Number of protein chains: 2
Amino acid sequence: MTGGNRGRGRPDTGVREAILAATEAILAEAGVARLSTKEIARRASAAESSIFYHFTDRLGLLQAVVRLHLPLYRDVAEEVVRRAGQGSLRDNLALLLDGLDAYYRRITPILAAVQADGDLRARFAERGADGAVGPQRALLPIVDYLAEERRLGRVRADLDLEPAALVIVGTAYQRAVFRRLSGVDAPAADTARVVDTLLPALIAR
Amino acid sequence: MTGGNRGRGRPDTGVREAILAATEAILAEAGVARLSTKEIARRASAAESSIFYHFTDRLGLLQAVVRLHLPLYRDVAEEVVRRAGQGSLRDNLALLLDGLDAYYRRITPILAAVQADGDLRARFAERGADGAVGPQRALLPIVDYLAEERRLGRVRADLDLEPAALVIVGTAYQRAVFRRLSGVDAPAADTARVVDTLLPALIAR
DNA sequence: GTCTATAAGTTGATAGAC
DNA sequence: GTCTATCAACTTATAGAC
């Protein structure tokens, strides 16, 4: 056990965290293809066997990395939910798109790893079934936000929430993927244009 | 040389094609993580060394698989460009979304492989620079279609084409990724709802 | 909890016969 | 063009000392 350590038990020497950080770095730079326990150990300046001590096996490590990033999504999404009714719809949408974009830029390598490894995918499909991490869940906070704005009369009364959330998330994801594939590492510059294109689909006419 | 063989040169024994098909199958079922030359040879009922004879190395094989699927995108996209001005905008958009969805369902495992392998990603980043396959190019046919519809006055005169194309492609891609992650293999059922949500962003008010 | 050392298996790739 | 045989390097994982 590490992380929440406050003096009880063995002192936290940080190897576990170093391993997680090294894993994430390799995933982002080189991809799962080059993610070997030896390379992780080298970058974390730790023994290879420490990986197995902390995470049981390679897949356990990958799972831990994914788990580490799930709360971040809630942060991004719930930040916007809280803003429902405040500020302009345009500003909120820009905030949501940029927030999702930054989030996706960070987790795209990890998502790619999940998609690239059948075993890892299977482990998350199980979890998805019991409702904890199912991919469609990603839409829920956005749906909540839109529902609140609809209740307040700031978006069309007949807005179909799930498709609308899908369009927003899909647009943010696509921007992140495009930028990663083209090797650009700067934040997106065209948020305003995307927002202005999206808005007429949301507001009353 | 195989494929276009029409009697000249050595007879086409189909090993090359079998290797490509086996590669695609493994990618779809298990992901790059399990894509070994040995497994490919086994599934293709061919010798492992034949892979190296035809594709030089593992990366060359992956490149060949990607290349095999690029024309398919043009087919999907250009089908819709041809329909500009014909049928209803709603029908065309539904056709485009479903076409892109089917396309993405097929290439998602391949795209995942590219994202998961840094070397492969690098090879395509180079190509992208010289303009042949750059990811943003995926938007061009959709931009062309929207431009034609705009010229005909069937979409808003002030529609911002690139963001609009991004939204359409992103939505289609997101649906495909979601469905793959949740293990569902059927075509999308909610196209109509998505189209009706998207449409107000495109048409004149 | 972290290390060193090591085992057993798999990997991508080559040489050479047919 | 396709095969069999082979290799050195690397892979995940374990045992046991500290």
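Brief remarks follow.
- Of A:ILE19, A:VAL177, A:ALA113, farthest towards positive along the dipole that unit charges on Lys, Arg, Asp, Glu beta carbons give chain A: A:ILE19
- Magnitude of the charge dipole for the stretch A:69-202, about its Cα centre and with charges confined to Cβ atoms of Lys, Arg (+1) and Asp, Glu (-1), is about 120 debye.
- Counting Cβ atoms of other protein chains within 10 Å of each Cβ in B:13-26 and taking the mean gives 0.
- Taking the label point 7 Å along Cα→Cβ, B:GLU78 and its counterparts in the other copies are spaced 5.1 nm apart, in ascending order.
- In plain terms, the chain from B:LEU152 to B:LEU68 could stretch by 26.8 nm, reckoned as 0.36 nm per residue minus the Cα-Cα distance.
- Helices assigned as whole DSSP H runs in chain B whose Cα atoms extend at least 24 Å along their own long axis and whose mean Kyte-Doolittle hydropathy is -1.0 or higher are found at B:58-83, B:89-116, B:161-181.
- Relative to the other identical copies, A:GLY153 shows label-point distances of 3.6 nm, where the label point lies 7 Å from Cα along the Cβ direction and values run shortest first.
- The mean count of C-beta atoms from other chains within 10 Å of the C-beta of residues in A:187-193, rounded to a whole number, is 2.
- The dipole here belongs to the stretch A:12-55: it is taken about the Cα centre, uses +1 on the Cβ of Lys and Arg and -1 on the Cβ of Asp and Glu, and is about 140 debye.
- Copies compared at A:ALA192 - label distances in nm, ascending, label defined 7 Å from Cα in the Cβ direction: 4.0
- Per-residue average of Cβ from other chains inside 10 Å of A:157-164: 4
- Overall dimensions of the stretch A:12-55, expressed as equivalent-ellipsoid semi-axes from the Cα gyration tensor (√(5λ), whole Å, largest first), are 17, 10, 8.
- Remark: the Cα gyration tensor places the stretch B:94-205 in the oblate category, a/c being 1.5 or greater and a/b not exceeding b/c.
- Percentage relative contact order, the stretch A:69-202, counting C-alpha pairs under 8 Å, at least six apart: 36 percent
- Where only DSSP H runs of four or more residues are counted, chain B gives -23000 deg cm²/dmol as its mean residue ellipticity at 222 nm, each run worth -39500 (n - 2.57).
- Normalised by the number of residues in the stretch A:1-120, the average gap of Cα pairs under 8 Å and 6 or more apart makes the relative contact order 24 percent.
- Pair A:ASP190, A:SER88: separation of 7 Å Cα→Cβ label points (nm): 2.1 nm
- P(r) histogram, all alpha-carbon pairs of the protein assembly as shown included - 20 Å bins from 0, percent: 24, 54, 20, 1
- The Rg/Rh ratio of chain A, with both radii computed over alpha carbons and Rh defined as the Kirkwood radius, is 1.04.
- Dipole in debye (nearest 20) - the protein assembly as shown, about Cα centre, beta carbon charges: Lys, Arg +1; Asp, Glu -1: 360 debye
Throughout, read-outs are computed from the coordinates displayed, never taken from laboratory work. Because the structure is a prediction, the values reported are computed rather than measured. Using ideal geometry, Cβ is built from the backbone for each residue, glycine included, and neighbour counts are taken over all protein chains shown.
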